[in-house]
Amino acid sequence: MTSFDDQQTALKEDTENIKCPSCGGNTEFDPASGGLKCPFCSHEIPIEATFDQNVELDFKKAGTDLNHLWKDDVRVFSCGNCGAESVLDANVVADFCSFCGSSHIAVTEHDAGIAPGLVIPFHISKEEAHAKFQDWIKGHFFAPTKLKETYRLNKISGAYLPYWTYDSKTFSHYVVRVGNYYYVTETRTVYEDGKPRTVTEQVRKIRWHQQSGNYRKFFDDVLIKASTTVDAKLLQNVQPFQLAGLTDYKTEYMSGFLAERYSVSLQQGFKKAQDYMEQRIVNGIEGSVAGDIVEVVNVSTDYSDITYKHLLLPLWISSFQFNQKVYQFIVNGQSGKVAGNYPLSFVKIALVSIGVLIVIFIVYLLIQG
Ligand SMILES: [Zn+2]
Ligand SMILES: [Zn+2]
């Protein structure tokens, strides 16, 4: 028979976490030092940040190369409320969904898919994010008590958001309509006081012709968001992320944090990247063809040597539901920029309004008296 202590030891040995050498506890990534830190005895283990130059992966081979998939040291939790999928260290259990605040979250058999190649580690600590949350709440008196409850419960998580970047060579064949200006001298007769007079003037005309040609362009790191769970407008407000801060992904960066599993697939992401590239190609053709007016009639583009990278960008997030709607407060984990939305509390607005009316009434009585 094994004792409880033995079982605990066995459990600990099973985990992939890096153990604290002085007390055996699970260390966590520490944004302040950029290394691992033991939450029990504060022992620090540095992480050697590396920058692999060959991180571009072949788009056509994606999914078949097992080296680039998440290993079984992570599990996927799915939210029954908002559908967000969170990737967590295999020995950690999620008890609420970071993206909507719901506790309707359970581990699934879903595979975590393509693993990240690069990450911007958190620079902002949980304490800093929490302080920013507190400041933000103070500035929003009309927010409902529910929001303050979320804050009090310390429901703020460090989540890495998934992004794709794509590189591609493009070769486009185009047909354009080109208009060139020319001027003709026209004379016409005008009548002044009933007398005819001949007026000569230069009139601008356009001569059109159609032409075709080829256009080449290389695209480097077209960035596409692979998350749909964070309010797009809020995310816009905490941009930018400095991509110069990217470093090779290491499991250590996940310790104490979670990653959202991409909900935009690699292929769907590439479609979005193509929309962006197509627009840039059209603009490029318009700029490169000589003519006073250039209208693109048709473009067909061949994409080749497509490569991709899977990135994780850091975000502190606190979410809650109010009247069936999800509200979020987010902090850029790299820069500390904040954004949030919240419902107005009509009870508070009503109470304040009544209060203001009472004050006006009293002032009125005093003036009258
Ligand atoms: Zn320790
Ligand atoms: Zn959720």
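The values are calculated or read from the model by the stated rules, or taken from the named source; none is laboratory data. What you see is a predicted model, and the numbers here were worked out from it, not measured in a lab. Because the Cβ atoms are built from the backbone with ideal geometry, glycine has one as well, and the counts that use them run over all protein chains shown. With ligands, DNA and RNA removed, areas are computed over all heavy atoms of the protein, side chains included. Shrake-Rupley method; radii C 1.70, N 1.55, O 1.52, S 1.80 Å.
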Requested in this report: Could you identify the single residue in VAL222, VAL238, VAL264, VAL282 that is open to solvent by less than 60 Å² (accessible area, probe 1.4 Å) and over 16 Å from the mean Cα position of the chain (by Cα)?
Outcome: VAL282
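From GLN239, GLN210, grab the single residue that is among the polar types (S, T, N, Q) and not in a strand (DSSP E or B).
Working: GLN210 fails: not in a strand (DSSP E or B).
Only one candidate passes the filter, namely GLN239.
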Query raised in the report: Applying the selection to the range 267-279, what residues are of a type in the set (S, T, N, Q) and open to solvent by 70 Å² or more (accessible area, probe 1.4 Å)?
Result: GLN267, GLN268, GLN279
Query raised in the report: In the range 176-205, how many residues are surrounded by 14 or more Cβ atoms within 10 Å (Cβ to Cβ) and among the β-branched types (Val, Ile, Thr)?
Result: 2
Query raised in the report: Taking the condition open to solvent by less than 20 Å² (accessible area, probe 1.4 Å) and either part of a loop (DSSP other than H, G, I, E, B) or within 16 Å of ligand 2 (Cβ to nearest atom) (or both), does CYS41 pass?
Result: no
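With SER78, SER33, SER86 as the choices, which residue is over 22 Å from the mean Cα position of the chain (by Cα) and at pLDDT 90 or above?
Working: SER78 fails: over 22 Å from the mean Cα position of the chain (by Cα); SER86 fails: over 22 Å from the mean Cα position of the chain (by Cα).
Answer to the selection: SER33.
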Report summary line: Result of the Cβ filter at 6 Å on the range 283-298, keeping first residues that are without any contact (Cβ under 8 Å) to a residue 40 or more places away in the chain and partners that are in a loop (DSSP other than H, G, I, E, B) and open to solvent by 80 Å² or more (accessible area, probe 1.4 Å), at least 6 apart or interchain, is none
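I'm checking my understanding of the structure. Among residues of the range 20-30 that are open to solvent by 60 Å² or more (accessible area, probe 1.4 Å) and either at pLDDT below 90 or part of a loop (DSSP other than H, G, I, E, B) (or both), which one is farthest from ligand 1 (Cβ to nearest atom)?
PRO21
Within the range 75-98, track down each residue that is under 27 Å from TYR166 (Cα atoms), open to solvent by less than 20 Å² (accessible area, probe 1.4 Å) and either within 16 Å of ligand 1 (Cβ to nearest atom) or of a type outside the set (Gly, Ala, Ser) (or both). Let's see the steps before the verdict.
Residues of the range 75-98 under 27 Å from TYR166 (Cα atoms): 75-76, 83-88.
Keeping just the survivors that are open to solvent by less than 20 Å² (accessible area, probe 1.4 Å) gives 76, 84, 86-88.
Of everything in the range 75-98, those that are under 27 Å from TYR166 (Cα atoms), open to solvent by less than 20 Å² (accessible area, probe 1.4 Å) and either within 16 Å of ligand 1 (Cβ to nearest atom) or of a type outside the set (Gly, Ala, Ser) (or both) turn out to be VAL76, VAL87, LEU88.
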Query raised in the report: Going by the structure shown, is VAL363 open to solvent by 20 Å² or more (accessible area, probe 1.4 Å) and under 30 Å from SER212 (Cα atoms)?
Result: no
